Amino acid sequence: MPIVLAIESSCDETAVAVLSANEARSKVLASEISSQISLHAPHGGVVPEIASRSHSHVIRPLVEHALLSAGISTKEIDVVAATAGPGLASSLLVGHTVAKAMAAALGKPFVAVNHLEGHLLSPFLQEEEIPPHIALIISGGHTMLLHVAGAGQYRKIGSTRDDAAGEAFDKVAKMLSLPYPGGPHVERMAQGGNPKAFSFPRGLLHESHFDFSFSGLKTSVLYTLPKLDDVEKALPDLCASFQEAVIDVLLQKSLRAVKEFGANHLAISGGVSMNGTLRQAFQVACDKRKVKFSVSAPAFCTDNAAMIAFAAWVRYRAGHSDALDAPVHPNLPLLANL
C-alpha cells in the first residue's frame, strides 16, 4: 500500500503523520503532535514568531519519531505532503519547506494541502468512501457550512461574518479569567451550570441564509459581567448559557441545511467538535431525524497531520500533485479543485 508522510504547521501545533492507503481504505500508522500551549499561554494567544521558532526546533525530531513509530524508513515513502494554508505564513513556511525538501531528496511527489480540506475530510479518515453530506467545520479560526457532493466537490453555503465559534469560546474564556486555550475550560465549567440561567442572543439564527455571527453573543457576555454581584459564583451558569447559545446556532443552521439540500448525512469537524455537549446535541438531533451523523475521532479534531495525509492521498489518487516551488497561501480558500 502507498505510504504518505504529511506535515502540519499552520498555527501553533507541529504535527507529522504517516498514512498507509489504497483505493479502498487508509490506515494511520503514526500521528505525532508537539503542542505549543505552554509557550503561548502566558501571552493569552498565539504569538507568530514564537510559533514558527518552535516549529523549526521540533520538526526534525518529530519526523524521525513518526517514522520510527510507523516502523518505516524514508525509502518507503511514496508521497510527501504539507499544509499550504490557510494559517500563519511564518508557521506554514516551516512545514511546507521541510516537506518539499524531503520530496526533492527522495524523488517523490509533493502534495500541498488545504488545512480546511483536512478538517472537512477527517470524519471519513480510515473509511471506505467520502459520501455526499452537509459538512460543518468549527475551529478557532473557521466556522463554515458546506454542501459536499464527494471528494473535491465542495460548495460553501455559509461561514462566519465575524468571530469563529472557537474564537468566541476563547475570547469569552479570557473575559471570565479562565486559562488559555479557553474552549475546554468553558466546557468543563459549563458542566456544573444551568444553560437557561442567562438568555444570550443567537446571532442570525432566523435569517434565511446559512452565515454565522458570534460577536453579538460575545458582547452580550461582556455586558452581563458588570451586572453580577459575584462573577465567580455565576461562572458555571455563564459558561453553560454561552455554550448552549453557540451550540443552538450551529445545530439549527446545520439541520436546516440538511433539509434544504435534501441530505441524509451530516458531518462535523475541527477543534470545537471535540466539545462533548455539542457532539451529544448533534447526535441526538440527527438520530431523531434519521440523519446519519459523522464526527472526527477526538485525536483528529484539533490540528493534526493525519487529516493532512488523508486529504493529500485523496488529491494524489485523483491525479493531483504540486511543484516543488509551490508557495504557501495564508488566506487559501477552500475550493472544489479536484
- Item | All-pairs Cα distance distribution in the chain, expressed in whole percent, bin size 10 Å | 6, 26, 32, 23, 10, 2, 0
- Message: Could you work out the relative contact order of the chain? I mean the mean sequence separation of Cα pairs under 8 Å and 6+ apart, divided by the number of residues, in percent.
- Response: 24 percent
- Note on the structure: Given pairs K171/K288; K196/K253; K196/K290; K156/K196; K218/K290; K253/K290 and cut-off 25 Å on Cα-Cα distance, the over-length ones are K171/K288; K196/K290; K156/K196; K218/K290
- Query: Going by alpha carbons, how many degrees (0 to 90, nearest 10) lie between the helix axis of 165-175 and the longest principal axis of the chain?
  - Reply: 60 degrees
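Could you give the dipole magnitude of the chain about its Cα centre, charging the beta-carbon of Lys and Arg +1 and that of Asp and Glu -1, in debye to the nearest 20?
Using only the charged Cβ atoms, the result is roughly 600 debye.
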- Query: By a straight-distance test (C-alpha under 16 Å), which aspartates and glutamates pair with K108 as possible cross-link partners, with residues fewer than eight away in the same chain excluded?
  - Reply: E76, D78, D322, D325
- Message: I'd like to compare 42-50, 262-270, 241-249: which one has the highest average count of other Cβ atoms within 10 Å, and what's the full order after that?
- Response: 241-249, 262-270, 42-50
- From the backbone phi of segment 199-210, what are the Karplus-calculated ³J(HN,Hα) couplings (6.51 cos²θ - 1.76 cosθ + 1.60, θ = phi - 60°) in whole Hz, Gly and Pro given as x? 9, 8, x, 10, x, 6, 4, 9, 6, 6, 7, 10
- Message: Along the Cα→Cβ direction, 7 angstrom out, place labels at Q126 and K75. What is the inter-label distance in nm?
- Response: 3.0 nm
- Task: Working from Cα positions, state the angle (0 to 90°, nearest 10) between the long axis of helix 276-289 and the longest principal axis of the chain.
- Result: 90 degrees
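Taking 8 Å as the Cα distance limit and 6 or more residues as the minimum spacing, I'd like the relative contact order of segment 250-338 as a percentage.
Answer for segment 250-338 is 25 percent.
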- Most mobile of A66, A285, A17 per a Gaussian network model of the chain (Cα springs, under 10 Å)? A285
- Top of N275, N114, N22 by mean-square fluctuation, Gaussian network on the chain, Cα under 10 Å: N22
- Message: What are the ³J(HN,Hα) couplings of segment 72-81, residue after residue, when phi is run through the Karplus curve with 6.51, -1.76, 1.60 and θ = phi - 60°? Round to Hz, x for glycine and proline.
- Response: 10, 9, 4, 5, 8, 6, 9, 9, 10, 9
- Message: Between R256 and S199, what is 0.36 nm times their sequence separation minus the Cα-Cα distance? Round to one decimal in nm.
- Response: 18.3 nm
- Message: Mean-square fluctuation check for the chain, GNM, Cα pairs under 10 Å: which of A312, A103, A112 is largest?
- Response: A103
- Query: Share of antiparallel DSSP beta bridges in the chain, in percent to the nearest 5?
  - Reply: 60 percent
- When DSSP beta bridges are limited to those with both residues in segment 130-295, what percentage is antiparallel, rounded to the nearest 5? 55 percent
- Query: Between S38 and V284, how many nm apart are label points set 7 Å from Cα along the C-beta direction?
  - Reply: 3.8 nm
- Task: Counting helices only, and only those DSSP H runs with n ≥ 4, report the 222 nm mean residue ellipticity of the chain as the sum of -39,500 (n - 2.57) divided by its residues, in deg cm²/dmol to the nearest 500.
- Result: -13000 deg cm²/dmol
- Message: Based on alpha-carbon centroids, what's the gap between segment 252-302 and segment 141-185 in Å, whole number please?
- Response: 14 Å
- Task: Given the peptides 185-193, 118-126, arrange them by the average over their residues of other C-beta atoms within 10 Å, most packed first.
- Result: 118-126, 185-193
- Item | Relative packing of 134-147, 206-219, which averages over residues the other C-beta atoms within 10 Å, highest first | 134-147, 206-219
- Working from Cα positions, state the angle (0 to 90°, nearest 10) between the long axis of helix 215-224 and the longest principal axis of the chain. 40 degrees
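No value in this document is a laboratory result; all are computed from the given coordinates. Everything numeric in this text was worked out from a predicted model, so none of it was measured. Glycine gets a Cβ as well: all are built from the backbone with ideal geometry, and neighbour counts include every protein chain shown.
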